[in-house]
Amino acid sequence: MLPVNESVLDRDIRLGVGLLMFLFGFFGLTGIWQIMLTVIAVLLILSAVTGFCPLYAVLHVNTAEHSKR
């Protein structure tokens with residue numbers, strides 16, 4: 001299991017932005033832009049669901065610790 005490194009607020013924002021991007025990419029665009037936006041949206045949604053961000057891990061950022069205070 002991956003360690004959680006995102007706060008609840010961070011996860012909520014990622015989920016909301018990911019869903020909006022997915023809907024816009026799926027219904028509003030065509031071609032390569034549709035594919036790119038949909039892939040980014042799916043990555044944001046997966047990150048929000050798991051609570052783990054690989055970029056945060058590389059940069060040693062942990063917003064989950066801030067929400068526990």
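Does Gly51 meet the test of being at positive phi and of a type outside the set (Ser, Thr, Tyr)?
Details: at positive phi: yes; of a type outside the set (Ser, Thr, Tyr): yes.
Spelling it out, Gly51 is indeed at positive phi and of a type outside the set (Ser, Thr, Tyr).
Can you confirm whether Asn62 is surrounded by 15 or more Cβ atoms within 10 Å (Cβ to Cβ), more than 14 Å from the chain's Cα centre (by Cα) and not basic (Lys, Arg)? Give the steps one after another, and end with the answer.
Details: surrounded by 15 or more Cβ atoms within 10 Å (Cβ to Cβ): yes; more than 14 Å from the chain's Cα centre (by Cα): yes; not basic (Lys, Arg): yes.
Criteria met by Asn62.
Has region 40-51 got at least one residue that is of a type outside the set (S, T, N, Q) and over 11 Å from the mean Cα position of the chain (by Cα)? Give the steps one after another, and end with the answer.
As a first pass, look at region 40-51 and keep what is of a type outside the set (S, T, N, Q): 40-46, 48-49, 51.
From what is left, the residues that are over 11 Å from the mean Cα position of the chain (by Cα) are none.
No, region 40-51 contains no residue that is of a type outside the set (S, T, N, Q) and over 11 Å from the mean Cα position of the chain (by Cα).
One line per residue, one yes/no per condition, for (1) among the β-branched types (Val, Ile, Thr); (2) exposed (fewer than 12 other Cβ atoms within 10 Å of the Cβ); (3) farther than 20 Å from Ser7 by Cα:
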position	(1), (2), (3)
Leu29	no, no, yes
Thr38	yes, no, yes
Leu44	no, no, no
Gly51	no, no, no
Val58	yes, yes, no
Here are some residues: Ile45, Ile35. Which one is at pLDDT 95 or above and assigned to a helix (DSSP H, G or I)?
Ile45
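The values are calculated or read from the model by the stated rules, or taken from the named source; none is laboratory data. This one's a predicted model, so the numbers in the text were calculated from it and none came from an experiment. Using ideal geometry, Cβ is built from the backbone for each residue, glycine included, and neighbour counts are taken over all protein chains shown.
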